[in-house]
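K.L.:
Okay, handing you the structure first.
Quick note: the coordinates plus some simple rules give every number you see, no bench work behind them. Just so it is clear, the model here is predicted, and its values are computed rather than measured. Cβ atoms come from the backbone with ideal geometry, glycine included; neighbour counts cover every protein chain shown.
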Amino acid sequence: MSFAESYRDKTFVVDDADARIRRDDDLMAFVPTAGGTFQTITKGTEVKVVEVRVAEGGSKSSIVFCRATSTDGSRVLGWTSTRNLAGKFMNETIGLVQPEPGAGRFGPNAAWSNGEYLGQLELVAVVDSRLDIERLALNTIGAYAALVAAAARNGIQVTLNSGFRSYPEQKHLHEGFVRGLPGFNTAAKPGFSKHQNGIAFDLSVAGGDGNPTYEWLKRHATTFGFVRTVSREPWHWEFDEPKAQVALAAGTFKTSTVTA
């Protein structure tokens with residue numbers, strides 16, 4: 001499996017009756033037919049994805065486009081939105097994000113822990129639960145993929161809400177929280193969030209207890225190295241194998257510091 005581009009190892013199914021084909025030179029435009037409608041890929045068609053591109057879709061969201069071919073690669077079907085595919089491309093990794101040359105403490109790949117700069121991380125772009133783009137540390141992708149696959153075998157969907165954050169991103173969230181701005185939740189000071197060292201995953205579990213995904217995570221996440229570490233945040237899980245092993249041995253899914 002390609003951890004940086006997981007889609008290359010898979011076959012996808014078109015799940016939209018209006019899966020329009022996009023122009024190669026302008027992915028925001030559709031390819032017309034002679035009859036005045038638009039060319040589409042037939043719903044139910046199995047395809048391979050050979051290339052992806054990301055475009056800003058407005059309202060701070062992104063659109064992931066894919067170049068689809070027949071499953072044997074002999075016929076190019078064209079570019080279309082990944083939202084037309086079954087699963088909407090959620091959890092697919094779409095490329096390695098290397099540190100920028102000369103990047104420093106406040107760069108997009110800079111890792112921090114307990115107020116100290118750790119260095120630069122290799123990151124991977126991944127499609128989240130909102131079909132937007134998050135980043136995860138490359139060295140955690142294998143464990144996360146295994147968790148997702150195991151849940152899927154049990155009919156449970158695990159998806160990501162938030163992954164790695166840069167120093168400026170964490171600063172923005174913390175300032176919004178301190179000021180009490182609408183839409184901002186509890187956020188650690190920049191340099192102190194586990195989201196900044198690549199081990200924190202905010203997962204989509206709605207209200208926590210009773211949610212099927214959350215209940216599955218409570219039973220199984222520690223066997224994959226994931227453990228809850230923050231009180232009153234059922235969505236916040238960390239990939240920390242030693243702590244997960246301690247929790248597993250104690251018959252729980254969280255560290256001793258988690259009280260709710």
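K.L.:
Over the Cα atoms of the chain, what is the Rg over Rh ratio if Rh follows Kirkwood?
P.N.:
Dividing the radius of gyration by the Kirkwood radius yields 1.01.
K.L.:
Taking 8 Å as the Cα distance limit and 6 or more residues as the minimum spacing, I'd like the relative contact order of the stretch 115-260 as a percentage. Mind dumping the intermediate values first?
P.N.:
On the way: 238 pairs, mean separation 27.2, N = 146.
Relative contact order here is 19 percent.
K.L.:
Going by a ≥ b ≥ c, the root eigenvalues of the Cα gyration tensor, does the stretch 183-260 fall in the rounded group (a/c under 1.5), the prolate group (a/b larger than b/c) or the oblate group?
P.N.:
Here the stretch 183-260 falls in the oblate category.
K.L.:
Which aspartates and glutamates does residue 48 reach when only Cα atoms under 19 Å apart count, and residues fewer than 8 places away in its own chain are ignored?
P.N.:
Result set, ordered by chain and number: 5, 9, 15, 16, 18, 24, 72, 92.
K.L.:
Identify all lysines with a Cα-Cα distance to residue 254 below 18 Å; exclude those on the same chain that are fewer than 8 residues away in sequence.
P.N.:
Partners within reach: 194, 218, 243.
K.L.:
Students often forget the sequence filter, so: which lysines lie under 28 Å Cα-Cα from residue 43 once same-chain residues fewer than 8 apart are removed?
P.N.:
Within reach: 10, 88.
K.L.:
Also: Could you list 48, 43 in order of exposure, starting from the residue whose Cβ has the fewest other Cβ atoms within 10 Å?
P.N.:
43, 48
K.L.:
What is the gain in length, in nm to one decimal, between residue 39 and residue 259 on full extension, counting 0.36 nm per residue of separation less the C-alpha to C-alpha distance?
P.N.:
That works out to 73.7 nm of additional length.
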